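Take a look at the structure below.
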Amino acid sequence: MKFIRKQLDNIKPQVQKGGKLQAFHSFYDAIETLFFVPKKTSASGVHVHDPIDSKRSMIIVVLAMIPALLFGMWNVGYQHFLSLGETAELWTTFLYGFTKVLPLIVVSYGVGLTIEIIVAQMRGHEVKEGFFVSGMLIPLIVPVDVPLWMVAVATAFAVIIGVEAFGGAGMNVLNPALTARAFLFFAYPSHMSGDAVWIAEKADGFSGATPLAESAAGNIQNLPSMVEMFFGTIPGSIGETSALAILIGAFILIYTGIGSWKIMLSGVIGGLVMGLLLNVFAVNPSMEVPAIHQLLLGGFAFGIVFMATDPVSAAQTSTGKYIYGFLIGFLAILIRVLNPAYPEGVMLAILLMNVFAPLIDHYVVQANIKRRLKRVTVKA
Amino acid sequence: MPQIKIKKGLNIPLKGQAEKILSQGKTEGELFAIKPTDFPSLVPKVAIKEGETVKAGDTLFYSKYYPEVKFTSPVSGILKEINRGERRKILEFIVESDGKQEYKKFEAGNPDDLSSEKVKEILLSSGTWPMLRQRPFDIIANPETSPKAIFISAFDTSPMAPDYDFIMNDMAVDFQYGISALKKLTTGNINLVTSAEYSQSKVFLNAKGVDFHTSKGPHPAGNVGVHIHHLNPINKGEVVWHINPQDVAIIGRLFKTGTFDARKTIAVTGSEVLKPAYIKTISGICINAVLEKNVTEGNHRYISGNVLTGKKVDKKGFLGYYSNQITVIPEGDEYEFMGWALPGINKFSKSRAFFSWLMPDKEYKMNANLHGGERPFTFSEEYEKVLPMDILPVHLLKAIIVEDIDLMEQLGIYEVGEEDLALCEFVCTSKIEVQKILRQGFNLMIKELG
């Protein structure tokens, strides 16, 4: 520990303004603050601060994703061997998935953090931690067979156009990870949908269709059981299949107070309401999929827990969060079932509501202002 | 039934609460100071020269824009120094006590028998007027206006705050005199808010001429800002005054004896104080004289007031005009290795992101470290959880940052004081300087409204 501090202190003068390595200031700063919480003390206002900081919050979100990640790695292996008709031991299965997923994570973090550091250096900012989370989200929401260069391009797009163009993490309108996902989806549709991409090195004869695709095609007799969908032994994007793993993540987020339970709860209610409405007016098989099933299908659970709750792109006000979450759930199922073009609606629903979140907040703020004005007239 | 029952808020469990032991502090020959910087928006004009002798109650300086608002010496002695800072800004009027404590005589008498004008005149000339503060903007009450109500909170819920029941135990007569004086200043009512958690001292409960209210919940349940918001909210154009109970007693003594007798009892608190206790002293005393050898070794932060709203002072600095407490905590200006990743058993947090939630009844030693870098507003609804008012704090702060006067007004800037949003600053993940921004907003409003 003292050794690291000493090394950092040795390098410090060189990266300061006027130093030889000034161009690496932001990089140095990112590394330094990673090892050591800065020694800065409060200059105005309160003299004690809650020990929570941006790094701590972000790392907890990453921790919450770990169950989904580990399960996803195992499931990649499991689906692979299943398609080949082979059985493999737990470790072999996991290791297979690990070797498939790790490169995605490395590429996502590598590209994203490099851009973040360069931009921070250009602007003279500190490197912000938002990408801790986005960098982990991106690998979890892509099919396992997506080429690495596509992930790199999509990540670069998301960070540059989705975040930095708006002024950096904290100022972005859209969820960065979903921006990357949407970019992939529209730029390279053949690699992001269909039956071929969901299982790594799949045997040709094996149908790799996700339950979601089966549902969209109206083959609801092919849907896996609730139990399979809950535990997640089904094909799909890496992190989205296991409702159980996602629930563990949701619990961590809600218990630590970092994720908004309001958005999660209202999102689930929104999805259920739409699901039930569709059941009532069902005219085709995909509308008949039970509402509970809809919640377990595709990326719904993952989206509601990890994407909709992104504090920057979500609604900021308490009432706004209920509306925002509800509409995400409601629209996700609506788009999923009723539109013919895309099998999944969660991504689009969240991005759409990201755009509308400021409007929702605007009306909540106006309501607060009206309440204050009303106070005067009531008394007068 | 408590009239104000709040759930939002936070009690910060700090180590170093003052024990209920009272001792007499040394005041003879010590240094005392009145600091113009304690009064936001005040432009001081010097009234006497360095080296002149003063009695307790003699004017040291006055307000440039309201010359009738005077600031007087709390002790008799000589004006030792007018301490100036950058650009000759006046920081402190330092008076060295001669130990005799001679008082300037003001007119005495039961305020009930005096006219409003007379009461006002005595308050202004004696230097006790600045004890009255107004909302909006939490500045010295404007002597040209009359408030729609006056609020007094009989309890303080801030971290390690002094217990006014204990402090004011023998001040029933003084307090009542003070209340009578305040009654002359408003056509509205005097609201005395007591705690609903415990029964308060008879000094408060037997007060006459006041409207009683009770409040219950975590900090800021004792803040006047919260009381005003729930009982008699401030709308555009309205003014409410508030005053600390101990200051009411000082005003009472003024009318009882005709002297500016600024003796007060303060709580000496904080994890770095060896024996946290109460001490009888005089307003404006040098912190060093109070603490003497009662602090631990090390690099400390000395605060006049509490850890949320107090002002950082030098070890040889002075007790602020509005302070009834001194807090000493470690400065904490050192690097913490992997601090953001450790379990954090010893770290108190509003969130459950540290494992300290396993020990709910623990008291913590906290230092002045920010515990992280400053970031833009990122996490939402952190502030709302500790602000028991129907106000959207983040939107208000953003309105201030973009200097949108209309929006600031609409979002309730008239109702809040820095102390009300102090907890927001405490819990902020992004380490935003909430109180500083709020004061900038107040300054902007004062400038705009003329």
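Since every read-out is calculated from the coordinates, none of them should be taken as a lab result. Everything numeric in this text was worked out from a predicted model, so none of it was measured. Neighbour counts run over all protein chains shown; Cβ positions are idealised from the backbone, glycine included.
List of remarks:
- Normalised contact order of chain B, rounded percent, pairs of Cα under 8 Å and 6 or more residues apart: 19 percent
- Summing Lys and Arg as +1 and Asp and Glu as -1 over all other residues whose Cβ lies under 14 Å from the Cβ of A:Val355 gives a net charge of -2.
- For peptides A:233-240, B:187-194, sequence by mean Cβ density within 10 Å, most packed first: A:233-240, B:187-194
- When B:Glu197, B:Glu30 are sorted by how many other C-beta atoms sit within 10 angstrom of their C-beta, beginning with the fewest, the order is B:Glu197, B:Glu30.
- Helical contribution to [θ] at 222 nm, DSSP H n ≥ 4, -39,500 (n - 2.57), averaged over chain A, rounded to 500: -20500 deg cm²/dmol
- With a cut-off of 14 Å between beta carbons, the residues surrounding A:Phe131 carry a summed charge of -2, where Lys and Arg count +1 and Asp and Glu -1.
- With both labels modelled 7 Å from their Cα along Cα-to-Cβ, the A:Phe166 to A:Val283 distance reads 3.7 nm.
- Between the stretch A:129-208 and the stretch B:386-436, the alpha-carbon centres lie 37 Å apart.
- Restricting the calculation to Cα atoms, chain A yields a radius of gyration followed by a Dmax of 22.7, 80 Å.
- Ranked list, fewest to most other Cβ atoms within 10 Å of each Cβ, for B:Cys286, B:Cys428: B:Cys286, B:Cys428
- Entry note, the stretch B:3-257: relative contact order of 23 percent, from Cα contacts under 8 Å with a spacing of 6+ residues.
- Once you reduce the stretch A:247-304 and the stretch A:327-372 to the center of their Cα atoms, the two points are 14 Å from each other.
- Legend: mean number of C-beta atoms from other chains within 10 angstrom of residue C-beta atoms, peptide B:345-352, equals 5.
- Taking only Cα atoms of the protein assembly as shown, radius of gyration then Dmax in Å: 31.4, 105
- CD proxy at 222 nm, helix term only [per DSSP H run n ≥ 4: -39500 (n - 2.57); per residue of chain B; nearest 500]: -6000 deg cm²/dmol
- Selected from B:Ala196, B:Gly284, B:Thr157, residue furthest toward positive end of dipole (chain B; charges at beta carbon): B:Gly284
- Relative contact order (%) - criterion: Cα under 8 Å, at least six apart; region: chain A: 15 percent
- Residue pairs, from the table A:Lys128/B:Lys15; B:Lys7/B:Lys431; B:Lys20/B:Lys315, whose Cα atoms sit over 26 Å apart: A:Lys128/B:Lys15
- Considering only A:Leu102, A:Leu297, A:Leu253, the mean-square fluctuation computed in a Gaussian network model of chain A, springs between alpha carbons under 10 angstrom, is largest for A:Leu102.
- Averaged over A:25-38, number of beta-carbon atoms from partner chains that fall within 10 Å: 3
- Neighbour-count ranking [beta-carbon atoms within 10 angstrom, fewest first] of B:Tyr322, B:Tyr302, B:Tyr103: B:Tyr103, B:Tyr322, B:Tyr302
- Partners of B:Lys80 within straight-line reach, counting aspartates and glutamates whose Cα lies under 13 Å from its Cα and excluding those fewer than 8 residues away in the same chain: B:Glu30, B:Glu50, B:Glu52, B:Glu92, B:Glu96, B:Asp98.
- When the listed pairs B:Lys35/B:Lys385; B:Lys280/B:Lys350; A:Lys55/B:Lys365; B:Lys184/B:Lys398; B:Lys105/B:Lys436 are checked against a 29 Å cut-off, the alpha-carbon distance exceeds it for B:Lys35/B:Lys385; B:Lys280/B:Lys350; B:Lys184/B:Lys398; B:Lys105/B:Lys436.
- The alpha carbon centroids of the stretch B:255-329 and the stretch B:1-25 are separated by 17 Å.
- When each of B:Lys202/B:Lys362; B:Lys264/B:Lys293; A:Lys321/B:Lys8 is checked by Cα-Cα distance, pairs over 23 Å: B:Lys202/B:Lys362
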